[in-house]
Amino acid sequence: GTFIGQHAHEYPHGHLVAAGAVRLFLDGHEAGDYKVGEMIVIQAGKKHVLLALEDNTIGACIHKLHGDDWEPAVLEEAVFGIH
């Protein structure tokens, strides 16, 4: 039942479900459930939230960390359901 709070990035990135399972919400809508070993690709600018569906769920966000144009920018952060 743990949430990763809603936010968006200016670049696409991946989220690897390393243990357990998660439910993805994109722009306020359910976008599917993912289990251990699955990679979720989140497009640039999409507001996203992850909800742990099992105890001991572990996820790893994978972001580009090199190149001249890289900045760790978050476009928007909000509490789930509040904009």
Quiz item: Probe 1.4 Å, all protein chains in place: accessible area of His13 in Å², nearest 10?
Solution: 10
Practice problem: Would you mind computing, in nm to one decimal, how far apart the modelled labels at Leu16 and Ile4 are, each placed 7 Å from Cα along Cα→Cβ? | Solution: 1.3
Quiz prompt | For Gly59, distant residues with modelled amide H under 5 Å away | solution = Ala18
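The values are calculated or read from the model by the stated rules, or taken from the named source; none is laboratory data. Treat the numbers as computed from the prediction; the structure is a model and nothing was measured. Cβ sites come from the backbone with ideal geometry, for glycine too, and all protein chains shown count toward neighbours. Ligands, DNA and RNA are stripped out before the accessible areas are found, and what is left, the full protein with its side chains, is counted by its heavy atoms. Shrake-Rupley method; radii C 1.70, N 1.55, O 1.52, S 1.80 Å.
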